[in-house]
Amino acid sequence: MSNAGSSGLKLGVNGFGRIGKLTVWHHVARKFFDEIVVNIGRQAGSSLADIGHYVERDSTYGWLHGFLYGHLGQPVISDLNEADGSMMIDGIRVRFLRNDRDPADIDWDQHDARLVVDTTGQFLDPNPGLANPQGTLRGHLASGADKVIISAPFKVKDKSAPPPDDAVTTVMGINTNDYDPRRHKIISNASCTTTCLAHMMKPLIDAFGPKKIMSASMATVHAATGSQEVLDRLPQSGKTDLRKNRSIMNNIILTTTGAARALRLVIPEMEEIAFIAESVRIPTSSGSLIILVINLQEEPAGEYVRREMINDIYRQAADDSPAGYLYYTEKQNVSGDIIGMPRVAATIEGYETHSRTAEATIDLAKIPGLKIDQLSYPGGSVVRIPVTQAVIYGWYDNEMGSYVNMLGDRTVSIAELM
C-alpha cells in the first residue's frame, strides 16, 4: 500500500473534530493525496489563523511538527490564504470550507474531491431515499463524491429495510477484500472498539473454530469521547440516558457499544457464538482496553486449552498480521504506553492472559427437543463437561494510533483502486 508520492487525487474530509483533525495529520504525513479539502461547515474562530492554531497543536499528541519530525521539527504551517480558506501544511495544500453542513450542499465536485471521509458521526444511515433537513450520508454522492467512507458503524433507522447493495463494513486486515470497487460506494470503517475486537477474536476463531467457542463477552474500558460532558449538565428533552450528562472528569460512566453488532458484519462466524459487549468510559483522553472473556468446550480426553496455548496463537497471528495490525507483547503496559502506537489495531498483553478449566453441569432433560429416553448415560440426564474460561487483554489507541491510522490505510486502499 502506498505511503507517499503524488496520486493526483484530492481527499475530502467532512467534520473536523477529533477524528477529522487527526485524519488530516495522518494524510499530511503520508502524502498520498495531492490536496485535502476539509468541510468544517461553520465559521471557526475569528480567522483562518485560528483554524491553523487548532491544527498545529493537540492536547493528547502534542505539536504537529513534533508528530511529523520529532523534537527537532519546526512549524510546518504556512501560506495562509484567507480568501480561499487554504494553507500549506508540510507541503500539502489543505483547504477549509466553512459554509455548508448538509453533505448535499458541500459541492465536492467543484473541488474535485472524488473520495470523501465523513468523520462527523452524524450521517450513519446508508439507505437511500431518506428525507432529513440536516442532510443524509448519500448527500455526499449527490454533491460529487464517487466514494464515501464513514468513521463509525452504520446506524440504520428502518430496521426492516434490506442493506443497500452499494454499502459495506470492513476492518483492515480482517475482511479488507469484502470491499468491491465496482459495487460499493459507501464504506463503514466500523469503530475503534470493533477494530480492536475483530483482531482479538479472529485468531481464536481461526485456531479453535466457532463451534468450540461456546460464548464470549467483552468489556471495553474506554477513554472519554466528545459525547461526554466536562461538567454535569441538565439532559435535553426526551433524553433517557442520564449518565451521558455527567462529568467525565470525575466519573466512570457506564455506556453502550455497538461492537457486537458490527463484529458480525466483518466476521460472519460470530453469528454462531453467543456474544455480548459492554462499555465504560473513564477520565483519560485516549488509550483504551478490551477485556475479552471466552468459554471453550473441551474434549474430555483431549489436552485442555491453557494460557500458553492462547498466547502462542496470538504470537503466531501477530507474526502473520498484515501491516502489523496485531501486536503481541509480554511487557507490562498502562494505557499511556499505547497512545500513538502506529497502525496497531490491538496490542495483546500476554502477561495478563489467564485460563481456568472446570466441569459444567448440564441437565439434558431441560434441552428442548432432545429425547432423553433414546440416550443412555450412567448419571441419567445430568452430564458434566469440561469448560475452559480464558481472559485476554487487548489495548488500543482509540484515536490516532489505532483507529485513525487504520482508517487512513482503508482510505488509501480505496483510492488506489479509483
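The values are calculated or read from the model by the stated rules, or taken from the named source; none is laboratory data. Just so we're clear, the structure is a prediction, and the values are computed from it rather than from any experiment. In this analysis, Cβ positions are derived from the backbone assuming ideal geometry, glycine residues included, and neighbour counts consider all displayed protein chains.
Scan region 154-198 for residues that are hydrophobic (A, V, I, L, M, F, W, C) and either part of a loop (DSSP other than H, G, I, E, B) or farther than 30 Å from Y314 by Cα (or both) and jot them down. Hits for region 154-198 are F154, V156, A161, A167, V171, M172, I174, I186, A190. For region 63-101, the candidate set comprises residues that are among the aliphatic types (A, V, I, L, M) and surrounded by fewer than 16 Cβ atoms within 10 Å (Cβ to Cβ); within that set, the residue that is farthest from K10 (Cα to Cα) is L72. Being modelled with pLDDT of 80 or more, over 17 Å from M218 (Cβ atoms) and surrounded by 11 or more Cβ atoms within 10 Å (Cβ to Cβ), is that true of even one residue in region 365-376? No, region 365-376 contains no residue that is modelled with pLDDT of 80 or more, over 17 Å from M218 (Cβ atoms) and surrounded by 11 or more Cβ atoms within 10 Å (Cβ to Cβ).
Scanning region 320-336 for residues that are without any contact (Cβ under 8 Å) to a residue 24 or more places away in the chain, in a helix (DSSP H, G or I) and within 19 Å of the chain's Cα centre (by Cα) yields one hit, G324. If only residues of region 287-316 that are touching a Pro at 6+ places or on another chain (Cβ under 7 Å) and part of a loop (DSSP other than H, G, I, E, B) are counted, the one that is surrounded by the most Cβ atoms within 10 Å (Cβ to Cβ) is E298.
Here R182 meets each of (1) touching a strand residue (DSSP E or B) at 6+ places or on another chain (Cβ under 8 Å); (2) surrounded by fewer than 21 Cβ atoms within 10 Å (Cβ to Cβ); (3) closer than 30 Å to E416 by Cα; (4) of a type in the set (K, R) with one exception, condition (1). Kindly provide the set of residues from region 108-124 that are more than 17 Å from the chain's Cα centre (by Cα) and crowded, with 16+ Cβ neighbours inside 10 Å, ordered by number. Result: W108, H111, A113, R114, L115, V116.
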